[in-house]
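Heads up: the structure comes next, in structure tokens.
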Protein chains: 2
Amino acid sequence: MTEISTLGEFGLIGHLTKNLPINHDSTVMGVGDDCAILDYSKKDVETLITTDLLLEGIHFDLTYVPLRHLGYKAAVVNFSDVYAMNGQPRQITVSLGISKRFTVEHIEELYDGIRLACEQYGVDLVGGDTSASVTGLIISITCVGEGEKGKTVRRSGARDTDLLCVSGDLGAAYMGLQLLEREKEVGKDDPNFQPDFAGKEYLLERQLKPEARRDVIAEIAELDMHPTAMMDVSDGLSSEILHICHNSNVGCRVYEDRIPIDYQTALQAEEFGMNLVTAAMNGGEDYELLFTVPLTEHEKVQHMKTARLIGRITKPSLGACLVTRDDAEIPIQAQGWTAFPK
Amino acid sequence: MTEISTLGEFGLIGHLTKNLPINHDSTVMGVGDDCAILDYSKKDVETLITTDLLLEGIHFDLTYVPLRHLGYKAAVVNFSDVYAMNGQPRQITVSLGISKRFTVEHIEELYDGIRLACEQYGVDLVGGDTSASVTGLIISITCVGEGEKGKTVRRSGARDTDLLCVSGDLGAAYMGLQLLEREKEVGKDDPNFQPDFAGKEYLLERQLKPEARRDVIAEIAELDMHPTAMMDVSDGLSSEILHICHNSNVGCRVYEDRIPIDYQTALQAEEFGMNLVTAAMNGGEDYELLFTVPLTEHEKVQHMKTARLIGRITKPSLGACLVTRDDAEIPIQAQGWTAFPK
């Protein structure tokens, strides 16, 4: 194990960023100067920028999250925000605050995960900042991407009668987190404790190694669909639906029986005695895409492999409601993850 | 005083980003979606990106740094990196990690400083992320700027016989820090202690409210000068000179008697019994611009109001040396601020 102080800041950065590939021609110059230089000068291109701050003890727990997975996830959640604009992620900067308990090898693992995510998604790591921290690991990633002018999709474009769709399935990442938290609790007094996650691999994967839905964006383009509003599901479906309703000044109806849920999620909710729909609506960290399309694209939605119809947009006066299996209308409330718990 | 949990994450962000102005036409859409949308699609434009992570207890001490100044400085140090590429800062994203001891009013003060810096420099605040932290304040700012294609200046372009120049004066911010640290020490057991900073205002200002040298870039353009290499002085002149020498594969001679030092810095060094040149060469946080120009621009350098000649670039085999007043050559070593002290 190598103490970070033996390399120093510039030594560590040099070590971590050695042989960084450049995947995209919009990267003119990467790591190693006061700024990275990018080229977004093509006529029909809009530049997208998003940033996420991940803090140990708040967003992740290293007792059960491998550093490699953490790095991968930290990058991917930023890519997800770019796809959510109907864009393509191109570059990231990575800032790290590192406390004394981390060694060079630890940070290498973290960086391996970040580099792998960049490789998988064709993104270039072009800069960052590295510092000691007083306590804990701090990861701040900013992602730059590109969208086609006139084709980037905001949260504010949903209109009455639009169809509401979501990709993949919901609630699994939340169940994975509950599972990991429980096993941590069970195993904390027993150094030989080995958790048994057989049959629950999907839940863990969704929590520990989520993917960003590049394939959904690709299918939307393939089917020549025109989303009117879009965002990614990071804080829970309820919270995100309310954002779209608020920003677009519309209401909506979401059909309980249309909410996509994996069977492992359902089994786990039963085991935990949790309400499955509540978990799926409020769990968060799904990194699925929630979007609306005009009613005229109904047939295209039916052909989508990566997403499904879950409801419809209404006039604002009707509010945002979940329609239960027995046709009751329950107002949707954001009960998802909150950064500042009371 | 308002606890942050009473507003929640989205309430706090909404509160802080209310009525954010948009100063520059490259900002298409700011805060409030998955990404901000920027437009860098002009033909001769390069996009610049830089990021800085500031951590309480490592980079700043809130016992003597007002939050408003901290916000201003956190933004300005990023602008400085963009000017150091011969570019113009245009947008920033601001991510904050906030521990329980901070109230809404505290974060308002911090934001006031960030907004003031943006106003002064014509930069738009377009996004960010806000979260609780376990301990301390975390500030991660990313700045996007633009440069003219072919006119951005890297660290790697210095050539033998180029002239080495630096703007402003050096060592004052470091002296300001020493002064604040001393007064903190002296006053720590006396609640009624009032430090007397009369005659030392410049040192405090350089430490607490530095400016980025937009005026130097303007003068370089005005005089039609063509810097071959440039960077900002954040970790100390010695450290930055070695970066330019390393990246450009050159050596240099810096003349001790040419190093610009303010008289308050000199007085304070004497009071502290410190070596003045060492402090000026290694102090850091000056945010001045260090640059090289071809020998043919010697006359233009002599006309500069914002910068002066301090040395010359040599063949790499001659190494990087400080030439003392009595003509001794001392190898330059980076002794400046280090993120990972041994």
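A short reminder: the numbers here are calculations on the coordinates, not readings from a lab. Worth saying up front: this structure is predicted, and the values here are computed from it rather than measured. Note that we place each Cβ from the backbone using ideal geometry, even for glycine, and neighbour counts take in every protein chain shown.
Some observations on this one:
- Kirkwood hydrodynamic radius computed over the range A:242-321 comes to 14.3 Å, based on all pairs of distinct alpha carbons.
- For the range B:182-327, the alpha-carbon coordinates run over 58, 34, 26 Å along the three principal axes, in decreasing order.
- Entry note, the range B:170-226: relative contact order of 46 percent, from Cα contacts under 8 Å with a spacing of 6+ residues.
- Debye-formula intensities of the range B:20-65, expressed as log10 I(q)/I(0) at q = 0.17 Å⁻¹, are -0.75 (one equal scatterer per alpha-carbon, no solvent).
- Phi to ³J(HN,Hα) by Karplus 6.51 cos²θ - 1.76 cosθ + 1.60 over the range B:174-182, Hz, x for Gly, Pro: 5, 5, x, 5, 4, 5, 5, 5, 5
- Averaged over the residues of peptide B:5-15, the number of Cβ atoms from other protein chains lying within 10 Å of each residue's Cβ is 3.
- Enclosed volume per residue, in Å³, of the convex hull spanned by Cα atoms of the range B:101-195: 230
- Hits among aspartates and glutamates - C-alpha to C-alpha of residue A:184 under 18 Å, sequence gap 8 or more where chains match: A:56, A:61, A:196, A:201, A:205, A:271
- Counting DSSP beta bridges with both ends in the range B:14-130, the antiparallel % (nearest 5): 20
- Pairs of Cα atoms nearer than 8 Å and 6+ residues apart set the relative contact order; for the range B:183-342 it is 34 percent.
- Anisotropy class of the protein assembly as shown from Cα gyration tensor, a/c 1.5 cut: prolate
- Size of charge dipole - the protein assembly as shown - debye, nearest 20, with Cβ of Lys, Arg +1 and Asp, Glu -1, no other charges: 740
- Annotation: the antiparallel percentage among DSSP beta bridges lying fully within chain A is about 75.
- Cα centroid separation - the range B:1-65 against the range B:152-180, whole Å: 28
- GNM top mover of A:240, A:299, A:201 - chain A, alpha-carbon springs below 10 Å: A:299
- Using distinct alpha-carbon pairs, which all enter the 1/r mean, Kirkwood radius of the range B:224-277 in Å: 13.4
- Average beta carbon contacts from partner chains per residue of B:140-150, 10 Å cutoff: 4
- Straight-line cross-link reach from residue A:43 at under 17 Å between alpha-carbon atoms covers these aspartates and glutamates, not counting any fewer than eight positions away in the same chain: A:25, A:146, A:148, B:25, B:39, B:44, B:46, B:146, B:148.
- Test item: B:128-138 mean partner chain Cβ contacts at 10 Å: 6
- Highest mobility in the GNM of chain B, judged by mean-square fluctuation with C-alpha springs under 10 Å and restricted to B:108, B:222, B:146, is found for B:222.
- Short-range pairs are left out: with C-alpha atoms under 8 Å and at least six residues apart, the relative contact order of the range B:210-297 is 53 percent.
- Each peptide among A:309-319, B:68-78, A:41-51 gets the average number of other Cβ atoms lying within 10 Å of its residues, and from highest to lowest they stand as B:68-78, A:41-51, A:309-319.
- In plain terms, the C-alpha convex hull of the range A:131-183 casts an average shadow of 8.2 nm² when viewed from every direction.
- As a calculated quantity, the FRET efficiency between residue B:333 and residue A:6 at R0 = 25 Å, using C-beta atoms, amounts to about 0.90.
- Amide N of the range B:256-289 lying under 16 Å from the label point, which is placed 7 angstrom from the Cα of residue B:182 along Cα→Cβ: B:263-277, B:279-280
- The order of the peptides A:246-258, B:14-26 by mean Cβ neighbours within 10 Å, most packed first, is A:246-258, B:14-26.
- Note: the range A:1-149, Cα convex hull, 102 Å³ per residue.
- Rg followed by Dmax, in Å, when chain A is reduced to its Cα trace: 21.0, 65
- For the range A:231-342, size of Cβ-based charge dipole, Lys and Arg +1, Asp and Glu -1, in debye: 400
- Using a 7 Å projection from Cα along Cα-to-Cβ, the label point at residue A:109 is separated from the same position in the remaining copies by 4.0 nm, smallest value first.
- Lys, Arg +1 and Asp, Glu -1 on Cβ, resulting dipole of chain B about Cα centre, debye, nearest 20: 680
- Across q = 0.15, 0.16, 0.21 Å⁻¹, the range A:131-259 modelled as identical point scatterers on its alpha-carbon atoms has Debye log10 I(q)/I(0) values of -0.95, -1.03, -1.34, in the order of the q list.
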